[in-house]
Structures are given as structure tokens and as C-alpha cells.
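Peer 1: One structure, as C-alpha cells, below. Some questions next.
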Amino acid sequence: DPLQIRYNMQFSELVQLTLIYIGITAIGQIVAIPVSWLMFPRSRNMKQRGEPGGDLWAADAICLLLFSFSLLPSAFGSIAILSTSVDARWNGTCWSSIHGCLLLCTRLFVHIPFLFWKGLNASRKRILVHHVMVILVYGTGLLKGSMHFWGAAAGLCEFSNMFLANIELVKCCSTVHQNQIKQSVLYKLNSALLSLAYICCRLVLFPAVLAALLTDAYTHPELTVRSSMVEWVMMPMSICCVWAMSAFEFRNIFEGTFKALDLDVKNASSCLQLEIWLAILGLLVGHCLF
């Protein structure tokens, strides 16, 4: 039963574990800088270190790739364990869900000063808002021992970041190498998979998670009535906000894929219509899950 281990971890143990995770993620973020110098020698001489080609840009892409690979196994494991019942989905915890929450919160916490170091622009300000919101929601769920299943389900969005990190790393290569890579089949495949993963793991996934959560609450009020503001307000609002951020960024992703595949770029209205239909699809899928 996933609920049997819910109270096994004391608060002092959770604090110690959080500090360990912060230390590991901070060391990884710092070590990634000299690693970027080895992988992309020209990044060391870039004046704008936080822009494409700079060492901070490359280090961030390396960490994003490693973080995505590290988080996904715990997300899949948590979903497999905690999907067995309504009570488990809302109030259950397991080691993989605790690991996932800690990894996500500490990674974003360490990444916040890195964003300032790279230099805040409009895009990074949105990322900053995302980080604060996610830390608040997942951190509260971690302390309360609730909503771990829904957090793990939403965490599957990190799958798209693996393909995004690859494209960011290509931008750190020399101009000659960039042109060669962009003509390769692997680059075109990665760009196509990025759009596909973005659609499935963000534009469809978030509405599906929201619909499944609300369906659980509506069909099993006797089990979900104990829930507080975290479950009823913070989690749904954060899902909607992250979906909106993802939808805002989708046009750039979509245009990049069409450009990589040498296709005509779709206009903004086409992307908006697609996003609306994908959201509707996600809501229908989520409603039918449980």
C-alpha cells in the first residue's frame, strides 16, 4: 500500500535530504561550466555568457538534459505505484515521488540565481515565475504528503526538455559546425520529436491532468473532501499557468521545427487553433482516465 510509507520520513530527515539535494544540484550546475569549456572551447571567450554560444548557456543546457533524464524515472515510478486508487492519487507517497519532488524543487531553487547570472530577459522572467510557482506547489505537497501522483504526472512534461536541450547545445557549436549539424537527419529528427513531445507532454498532458484531477474530485467527494487550498486552488492554477506558458512558447518551437524540416512556417492563428484543439483533446482524455 503506497500510504504505509507516508509518515516514515521525519521533518528533520526531510530537511537533511533537501540540503543534500541542494548541494548535489548546486555542484552539478557549477561543474557544468568547465565541462562546457571542454565541449565547446569557443564558449569560454564569449562576452555574453548567458546567450547562445556562451558558457553559462551551454552549462544550463547540459544541466537541463541531465535533470530531465534523472527526473523521468521517478515520475514514471510514482505514477505506477500511486495510480492504484483515488486515495493513493490524492494522499499517497512513495520513495520515488519524494525523490522526484526533492529533485524538482532543489533543481529549480538552484537554477534561480543562475537565471540572474545569465541575465534576466522577458523569457527568463517567465521562467523565474514558473520556478517560484512550482517550488511553492511541489514543496507544499512534499511537506503535506499529498498530490504526489498529480505532481508526478505533470512532471512528465520534462520529456520535451531533452530535445530542447539538444537544440540549445547545437547553438554552442561554431557556425560551420552548426550549419553541418542542421543539415543532418538527426537534427531534423530531434526538431520533429521536440514538437511532438511538446504537444503530447505539455499541450495535451496538462489539460489531461487537470481533467483527471477534477473528475476524481467530482466522482469521489468522500475521499477528496479532506483536501485543502493546495489541492483545490494551487495545483489546478499552477497547471493552467504552466499550460499557458507552454502555449506561449509553442509557436517558437513549431516555427523552429518547420524551419529545420524546410517547410513553410505556419501563422500565429494556426498555432492558436491547434493549441485550443489540443487542450480540448487533453480534457477529454483526462476525463476518461479514471
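The values are calculated or read from the model by the stated rules, or taken from the named source; none is laboratory data. Quick caveat: nothing in here was measured; it's all calculated off a predicted structure. Cβ placement follows ideal geometry from the backbone for every residue including glycine, while neighbour counts extend to all protein chains displayed. Just so you know, the surface numbers come from the protein's heavy atoms only, side chains and all, with ligands and any DNA or RNA stripped out. Shrake-Rupley method; radii C 1.70, N 1.55, O 1.52, S 1.80 Å.
Peer 1: What angle do you read, to the nearest 10 degrees and between 0 and 90, between the alpha-carbon axis of helix 235-260 and the longest principal axis of the chain?
Peer 2: Approximately 30 degrees, to the nearest ten.
Peer 1: Per residue, how much accessible area does the chain have with a 1.4 Å probe, in Å²?
Peer 2: Counting only protein heavy atoms, the per-residue value for the chain is 50 Å².
Peer 1: Summarise the accessible area of the chain (1.4 Å probe, protein heavy atoms) by the percent that is carbon and sulfur. If you can, show how the numbers build up before the last one.
Peer 2: Numbers: 10240 of 14480 Å².
Within the chain, the accessible surface is 71 percent carbon and sulfur.
Peer 1: What lysines sit close enough to residue 188 to cross-link, taking a C-alpha to C-alpha distance under 23 Å and skipping anything fewer than 8 places away on the same chain?
Peer 2: Leaving aside lysines fewer than 8 places away in the same chain, those within reach of residue 188 are 171, 259, 266.
Peer 1: Using a Förster distance of 45 angstrom, determine the FRET efficiency expected from the C-beta separation of residue 289 and residue 30, and round it to 0.05. It would help to have the intermediate numbers written out before the result.
Peer 2: Numbers: r = 41 Å, r/R0 = 0.91.
That gives a FRET efficiency of 0.65.
Peer 1: Using θ = phi - 60° and the Karplus relation 6.51 cos²θ - 1.76 cosθ + 1.60, list the HN-Hα couplings for segment 114-131 in order, rounded to whole Hz, with x at every Gly or Pro.
Peer 2: Computed from phi, the couplings for segment 114-131 are 5, 4, 5, 5, 5, x, 6, 10, 4, 5, 6, 5, 5, 5, 4, 4, 4, 4 Hz.
Peer 1: Please arrange 148, 177 by accessible surface area, largest first, computed with a 1.4 Å probe and ligands excluded.
Peer 2: So, going from the largest accessible area down, we get 177, 148.
Peer 1: How do 25, 106 stack up against each other in accessible area, from largest to smallest, with a 1.4 angstrom probe? Kindly include the intermediate steps, with their values, before the conclusion.
Peer 2: Working: 25 25, 106 5 Å².
Largest accessible area first, the list is 25, 106.
Peer 1: How far, in nm, would the chain grow between residue 37 and residue 241 when pulled straight, counting 0.36 nm per residue and subtracting the alpha carbon separation?
Peer 2: Working: separation 204, 0.36 × 204 = 73.44 nm, distance 3.58 nm.
Between residue 37 and residue 241, full extension yields 69.9 nm more.
Peer 1: Once phi is turned into ³J(HN,Hα) by the Karplus curve 6.51 cos²θ - 1.76 cosθ + 1.60 with θ = phi - 60°, what whole-Hz value does each residue of segment 150-161 show in order, with x for glycine and proline?
Peer 2: Once rounded to whole Hz, the list reads 5, x, 5, 5, 5, x, 5, 4, 5, 4, 5, 5.
Peer 1: So, one more: Please list 44, 126 in order of solvent-accessible area, largest first, computed with a 1.4 Å probe with all protein chains present.
Peer 2: Values: 44 145, 126 80 Å².
Heavy-atom accessible area, descending, gives 44, 126.
Peer 1: In addition: Counting Lys and Arg as +1 and Asp and Glu as -1, each charge on the Cβ, what is the dipole of the chain about the Cα centre in debye, to the nearest 20?
Peer 2: Numbers: 20 positive and 16 negative charges, 175 e Å.
Magnitude of the dipole: close to 840 debye.
Peer 1: So I have (i) 34, 25, 15; (ii) 37, 21, 19; (iii) 37, 34, 15, and one of them is semi-axes √(5λ) of the Cα gyration tensor in Å calculated from this model. Which one is it?
Peer 2: (i)
Peer 1: Still on this structure, I have one more. In whole percent, what relative contact order does the chain give with Cα contacts below 8 Å and a gap of six or more residues?
Peer 2: Details: 350 pairs, mean separation 57.6, N = 290.
That works out to 20 percent.
Peer 1: Considering the options 109, 289, 84, tell which one lies farthest towards the positive end of the dipole of the chain, charges being +1 on Lys and Arg and -1 on Asp and Glu at the Cβ, about the Cα centre.
Peer 2: Comparing the listed Cα positions along the dipole, 109 ranks first.
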